[in-house]
Amino acid sequence: MRTAVGLGVLGLGAVALAFWGLMSAPPSDAPAPDPMAGLLAQEAPGRPGLAPGWSLDLPADHGAHPDAPSELWHLSAHLEGPDGVPLGVQFNLARLALAAPADPGATPDWMARDLFRGHVILADPARGVMAEERLARAMAGVAGADGDGLRLDGWSLRFAPEAWVLEAGTGDTQIALTLTPARPALAADAEGAPFHGYAFTRMTAQGHLRNGGAELPVRGTAWFEHAWGALPIPGGGAAVVSDRLQLQLDDGTDLSLVRSRRADGGGRATLEGFAIDAAGDVRAIDPETAQVAVTQHWDGAGRRWPVGWSVTLDGLALEVTPVIDAQAHDFMAPLWSGLVRAEGRRDGQPVQGHATLTLDAEGLE
Amino acid sequence: MTRSTRLMGMAALVLAGGVALWFLWPAPQPPAPQAGQNRSDTGPVAAAEQRPGDPQAGRDALLNAPYVSCGIPREVWTRLAPDTDPDNLLPGRTGRNADLPYFLTSHVTETGVEVVANNCLTCHAGHISGELVVGLGNPFVDFTQDARDLVTQSGRFVRGADHVAAWQHWADRIEGIAPYIRTDTVGMNPATNLSWALMAHRDPATMEWSPDPLLDPPPETPVPLRTPPWWWMGKKNAMFYTTIGRGDHARYMLFASLLCADSVEELHEIDAYAADIRAFLESIEPPAFPWEVDTALAAEGEALFNTNCASCHGTYGDDPGYPNRVIALDRIGTDPMYAQTMTDGSLDRFYDWVDRSSHGGTVRAAPAEGYIAPPLDGIWAAAPFLHNGSVPSLEALLNPRLRPRYWMHADPPDYDPEAMGWRFEELDAGKDAAPDRATQARIHDTTRPGYANTGHGYGEALSADARRAILEYLKTL
């Protein structure tokens, strides 16, 4: 019996939405029609989309899902050096289908069937912000994703059974991390949602940051997400854009918030997301009671970025402020994405933590 | 709860939140009125002449015509809901509508963007005993979420200048009405408030949309209403529970197009086929009770009905008749809020708007301070009962001792042919005690304003056997 009638069907589910906000992709030079967007707007040829009745199967689901027209992986780590100085690390990889997959067993050809786009961001208050974006077509040894790992040139994330290993960097700054899940995967398996995915919202992370000759031990927590299907792609003049906060508090809470706003500045921003408490209980954010107020802007890279948030929900009140103001990145779809700190109270008790805040450039003054 | 059922639950928060959206048929009426013109007396409702129409053409228009001409780009709809449940496909839908779910209609805008919009069937169709029934008031329509969430959820997938502009046209209107169309219980319909909100944003003379309201908007909380079935219209001389809809019914109901019709020309284009739609609505036959009926008992019931009920609800069978009577509030004793707010002067500015519109003079908003005693054709399917849906079954309607104070429909919905209504669970406490917002939205709490389940005690004095016989008879209508 169908009780859901009407555009409510548009609801993607709080969890699926959580995955939004990660994917940076196509060039966004508005007003000219965006060729990438046009490409993505159509069904990718030979990509049937999602089969119903999916359930999470790891490690196989770590790899690419060629039936899906778009896919993304994202790792954010909130780390600390021995001196207690915070360090933010992000590794992002997106796959965009351009053509039907090659027939299995066919002679390799040079046709680009999938495009990979990725970035690495290191936010280090001592050394500054380092970021790099790369593009490659799928090719063995160059760019690809399977159950063993992700690769884009020299960047890789390997899903070894005992611990995952991230190796990435830019210039002469390199990060090496081993990562182990501290919580089971959370599957976004809502029937009817336009994409599937899963998240490890809390992993323990430790490793080294190498900078020239110096080597700095780092440790902390990380958050990994992977989604595939028909993903909303930031950039390129979408009518609604979203900002995303992925927050890990010291009391064991993980919080995912998506704040969406009309790119034309009209209407009212809306909130979606979920929280996982220390016991592992997952709850959707109640948009009635959750509130985000912008408390701080940073003027740079030609825009006024809402980099400071005050977040209130269910007994939790947090001030979120940037660890470094200048974390805007001039990628194909420009964004501000970086390390922020959170401080506040839960039911009167002090809490704190770190988060990754990602802001879409569209719709900002 | 396992992790994955939790997640499903979270998704369901939104997915099941089938907010339907928009707009509607309003209630308006003629101009600058002396109070008398905007009110009707209780008692019999006089017939008004209606424009003739072709029911066949009307069904086609209802199912396929773009009387709601703004929506979300179809491409976005397809992306979000790639597969249409075959149970939601309706025969008789043509062209671009053929493979859309029954509650959406496609339209190609002047700039060439194909959009899909919620049509009348969003509120006026539903599944019962395995059938999709056009004209059934949707008992589970869900307006408990903020419609603005749909704006952002759909907008994330919209790109390209023309598509964005088409989406904005729709999004602006939804944002304009969203504050006034949120109900606190699933199944309750905000259509009346929705139409007031639209009028508040439009110039009646030009139909031009104003981002800021031009009239004081209606109260934010809609009065709870259940959606009546359409097949009563063939007998009713005025539309709506308070008989506010007087004059040309076709025009009145098609004010629906107010959501998007930004010009008088567009309104008139729609009006050209409105009479056909009205003719179709009046031709709808109620669905037959699909379970067995004890005909001997029903015959006993008929006699009892004719003595106790027919003076208000009419007679059926070989010698049909229907008196079209409005019963005053103090006499019927059901929840007074709806009829009171319609007649206390607090909405007169909208009745005046109707009169100043280009339909003014041919339609008139004139509510009575009471409720129409409706025809009871196909009443078995029209649960929950009374104008505010406060009584879940006919058994409880006839025996007030059985009316639950706090109750909730079974999930998934399941029709109970004995009690004659959707199965429900009686609860010990109301909305305040609900563990979460989703449950709260499912609870009918008859202690809340507008939700009272009082009045209409006409079965109370009857014996249990007499009530049983009348129930059996109602199955045959």
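Quick notes
- Looking only at residues in region A:252-269 that are more than 7 Å from chain B (Cβ to nearest Cβ) and open to solvent by 20 Å² or more (accessible area, probe 1.4 Å), the one that is nearest to A:Thr312 (Cα to Cα) is A:Arg259.
- A:Gly154 vs. criteria surrounded by fewer than 21 Cβ atoms within 10 Å (Cβ to Cβ) and either touching an Asp or Glu at 6+ places or on another chain (Cβ under 6 Å) or polar (S, T, N, Q) (or both): no
- Hey, B:Asp99 open to solvent by 40 Å² or more (accessible area, probe 1.4 Å), more than 8 Å from chain A (Cβ to nearest Cβ) and within 20 Å of the chain's Cα centre (by Cα) or not: no
- Any hit, region A:234-242, residues being within 18 Å of the chain's Cα centre (by Cα), among the hydroxyl-bearing types (Ser, Thr, Tyr) and within 12 Å of chain B (Cβ to nearest Cβ): yes
- Within region B:200-217, the presence of a residue that is in contact (Cβ under 8 Å) with a residue 40 or more places away in the chain and within 25 Å of B:Tyr371 (Cα to Cα) is excluded.
- Total residues in region A:306-365 satisfying the condition of being of a type in the set (Gly, Ala, Ser) and either closer than 19 Å to A:His119 by Cα or out of contact with any strand residue (DSSP E or B) (no Cβ under 9 Å at 6 or more places or on another chain) (or both): the figure is 8.
- Unmet requirement for B:Gly58, which otherwise passes all of (1) touching an Asp or Glu at 6+ places or on another chain (Cβ under 8 Å); (2) not in a helix (DSSP H, G or I): (2)
- Given (1) touching a Leu at 6+ places or on another chain (Cβ under 8 Å); (2) of a type in the set (A, V, I, L, M); (3) without any contact (Cβ under 8 Å) to a residue 24 or more places away in the chain; (4) more than 12 Å from every other protein chain (Cβ to nearest Cβ), number of the condition B:Ala81 does not satisfy: (4)
- The sole residue among A:Gly6, A:Gly53 that is modelled with pLDDT under 60 and within 14 Å of another protein chain (Cβ to nearest Cβ) is A:Gly6.
- Residue within region B:255-271 that is in contact (Cβ under 8 Å) with a residue 40 or more places away in the chain, open to solvent by less than 20 Å² (accessible area, probe 1.4 Å) and more than 30 Å from B:Ala200 (Cβ to Cβ) present: no
- Residues considered: A:Trp336, A:Trp309. Of these, the only one that is surrounded by 22 or more Cβ atoms within 10 Å (Cβ to Cβ) and closer than 14 Å to A:Leu255 by Cβ is A:Trp309.
- Count of residues meeting criterion [more than 12 Å from chain B (Cβ to nearest Cβ) and assigned to a strand (DSSP E or B)] in region A:270-310: 18
- Among the residues listed as B:Pro367, B:Pro413, the single one being within 20 Å of B:Ser40 (Cβ to Cβ) and not β-branched (Val, Ile, Thr): B:Pro367
- Taken over region B:20-42, the criterion of being modelled with pLDDT of 50 or more and either under 24 Å from the mean Cα position of the chain (by Cα) or within 23 Å of B:Leu225 (Cβ to Cβ) (or both) is satisfied by B:Asn38, B:Arg39, B:Ser40, B:Asp41, B:Thr42.
- Qualifying residue in region B:259-268 (condition: at pLDDT below 95, closer than 23 Å to B:Thr144 by Cα and among the hydrophobic types (A, V, I, L, M, F, W, C)): yes
- Selection from region A:331-365 of residues that are closer than 25 Å to B:Gly155 by Cβ and not in a strand (DSSP E or B): A:Phe331, A:Met332, A:Ala333, A:Pro334, A:Ala361, A:Glu362, A:Gly363, A:Leu364, A:Glu365
- Region A:184-230 - residue that is of a type outside the set (Gly, Ala, Ser) and at the interface with chain B (Cβ under 9 Å from one of its Cβ atoms) and, of those, most open to solvent (accessible area, probe 1.4 Å): A:Glu191
- Filtering region A:312-330 to residues that are in a strand (DSSP E or B) and surrounded by fewer than 19 Cβ atoms within 10 Å (Cβ to Cβ) leaves A:Thr312, A:Ala317, A:Glu319, A:Thr321.
- Selection of first residues in region B:151-162 that are over 13 Å from B:Arg79 (Cβ atoms) and of second residues that are at pLDDT 90 or above and among the basic types (Lys, Arg), restricted to Cβ pairs under 8 Å at least 6 apart or on distinct chains, gives the following pairs, ordered by first then second residue: B:Val151/A:Arg262; B:Thr152/A:Arg261; B:Thr152/A:Arg262.
- Hits in region A:112-134 (condition: of a type in the set (Lys, Arg) and part of a strand (DSSP E or B)): A:Arg117, A:Arg134
- The sole residue among B:Thr94, B:Thr109 that is surrounded by 14 or more Cβ atoms within 10 Å (Cβ to Cβ), of a type in the set (Ser, Thr, Tyr) and assigned by TED's automatic domain parsing to the domain that holds B:Asp162 is B:Thr109.
- Counted residues, region A:313-329 - those being at pLDDT 95 or above and within 13 Å of A:Arg259 (Cβ to Cβ): 1
The values are calculated or read from the model by the stated rules, or taken from the named source; none is laboratory data. These numbers were taken from a predicted model, which means no experiment stands behind them. With ideal geometry, Cβ positions are generated from the backbone for all residues, glycine too; neighbour counts draw on all protein chains shown. To get the accessible areas, we keep the full protein, side chains included, count just its heavy atoms, and leave off ligands, DNA and RNA. Shrake-Rupley method; radii C 1.70, N 1.55, O 1.52, S 1.80 Å.
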